[in-house]
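Encoded as structure tokens, the structure appears first; notes follow it.
The values are calculated or read from the model by the stated rules, or taken from the named source; none is laboratory data. Keep in mind that this is a model prediction, so the values were computed, not measured. Cβ placement follows ideal geometry from the backbone for every residue including glycine, while neighbour counts extend to all protein chains displayed.
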Amino acid sequence: MTHLGLLEFWAMTDLVTPMALRTVATLRIADHLAEGPKDLKDLALATNADADALGRVLRYLAARGVFEVAEAGGDRFALGETARWLLDDDPSAARRWLDQTGYGATMDRAHLDLLGITRRGGPETAANKTSLDATAAASYDQLMEANTRNEAVLLVRAIGWSRFEHLVDVGGGTGVQLAAILAATPEMHGTLVELPTSVDAARQRFEQAGLTGRCDVLAGNVLELELPTADAFLLRMLLHSFEDDQAVDVLTRCRQALRPGGSVFVAEAADTHQAAFTAMDLIVLVLGHGRERTLAQYDELAAAAGLRRTGIHTPPAGPRALEYTA
């Protein structure tokens with residue numbers, strides 16, 4: 001194991017850079033500089049910011065290689081290569097994740113209570129999707145869309161979906177993953193099961209993709225619904241939001257609706273990359289419910305629901321899909 005030096009250790013504790021990046025992301029500084037360098041006073045006016053304070057933030061981030069000072073010692077700034085990640089239309093959606101007016105800020109605030117959460121065993125107020133109002137849920141969906149969009153095609157290629165006639169995507173957000181699978185599998189019918197806050201956006205997506213004749217939307221909480229009969233169920237980044245008893249309940253509902261010979265796919269973060277796996281586990285902890293699980297732990301939950309694992313599908317990026325049958 002590599003041991004950190006003192007400077008590296010202190011760098012891990014730094015809040016200056018994370019908060020400076022969140023500030024410029026919220027003010028959309030990168031978008032204001034997209035067409036070329038601008039004077040500080042113009043940036044301050046455009047973003048309703050104090051020129052002196054904004055200048056100090058930008059000079060710091062320029063020193064860190066994010067933005068550039070267009071004229072040495074001056075008050076004119078330009079978009080550095082690193083700052084391009086903060087453009088609103090960048091596929092990474094980094095700006096939206098850091099925007100302090102969206103769901104990313106809810107996640108940030110939740111982390112500030114980690115000490116209290118560690119003492120209590122959980123947050124006083126949950127911040128996961130089921131606890132959000134319509135506005136916050138829409139912001140949450142936008143962020144999840146960006147993640148799923150970048151990974152959806154990889155999961156399509158990793159699994160032979162053509163062997164299934166009807167796929168039910170449980171907790172599939174606004175339908176990005178399901179739309180990708182249906183587009184690649186013309187003979188398949190799909191059903192999206194999601195909370196009411198997400199279904200309008202999902203229906204719009206399916207209509208724009210020309211999939212309304214092959215895709216249904218079922219609004220409600222999976223723990224309260226009778227799922228439609230199908231030969232494939234997909235739970236993508238869903239079960240980690242549930243405690244064990246609820247996860248078994250969801251899997252049991254899928255098994256009860258599963259046609260003979262069908263499969264239930266559990267797509268979750270693999271425990272093979274410990275840094276990323278444990279970081280996601282802390283995120284789930286501070287948001288209020290659930291946990292990341294190892295392969296063995298998912299197998300145990302599946303067995304309790306009357307399912308056994310028959311395959312593992314590992315895309316080059318994104319969640320690993322565990323395949324279970326009755």
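Looking at 16, 57 in this structure, which one is over 30 Å from residue 274 (Cβ atoms) and not polar (S, T, N, Q)?
Result of the check over 16, 57: 57.
Taking the stretch 187-244 on its own, how many of its residues are free of Cβ contacts under 8 Å to residues at least 60 places away in the same chain, assigned to a strand (DSSP E or B) and over 17 Å from residue 129 (Cβ atoms)?
5
Looking at 146, 127, 136, which is the one that is in the same structural domain as residue 213 (by TED's automatic domain parsing), of a type in the set (A, V, I, L, M, F, W, C) and part of a loop (DSSP other than H, G, I, E, B)?
127
Of the numbered conditions (1) assigned to a helix (DSSP H, G or I); (2) assigned by TED's automatic domain parsing to the domain that holds residue 235; (3) more than 30 Å from residue 261 (Cβ to Cβ), residue 183 satisfies every one except a single condition; which is it?
Result: residue 183 passes all but (3).
I'd like to check which helices (runs of 4 or more DSSP H) are fully inside the stretch 24-80 and have at least 2 residues that are surrounded by fewer than 19 Cβ atoms within 10 Å (Cβ to Cβ) and more than 30 Å from the chain's Cα centre (by Cα).
40-47, 51-63
Are any of the residues in the stretch 81-95 under 30 Å from residue 141 (Cα atoms) and over 28 Å from the mean Cα position of the chain (by Cα)?
No: the stretch 81-95 contains no residue that is under 30 Å from residue 141 (Cα atoms) and over 28 Å from the mean Cα position of the chain (by Cα).
Among the residues of the stretch 297-326, which ones are buried (at least 19 other Cβ atoms within 10 Å of the Cβ) and either part of a loop (DSSP other than H, G, I, E, B) or of a type in the set (Val, Ile, Thr) (or both)?
Matches in the stretch 297-326: 305, 307, 318, 319.
Check residue 294 against each of (1) within 21 Å of residue 164 (Cα to Cα); (2) β-branched (Val, Ile, Thr); (3) surrounded by fewer than 15 Cβ atoms within 10 Å (Cβ to Cβ) and name the one condition it does not meet.
The number of the failed condition is (1).
Any idea which residue in the stretch 182-217 is surrounded by the most Cβ atoms within 10 Å (Cβ to Cβ), counting only those that are under 13 Å from residue 168 (Cα atoms) and in contact with an Asp or Glu (Cβ under 8 Å, 6 or more places away or on another chain)?
For the stretch 182-217, the residue satisfying everything is 192.
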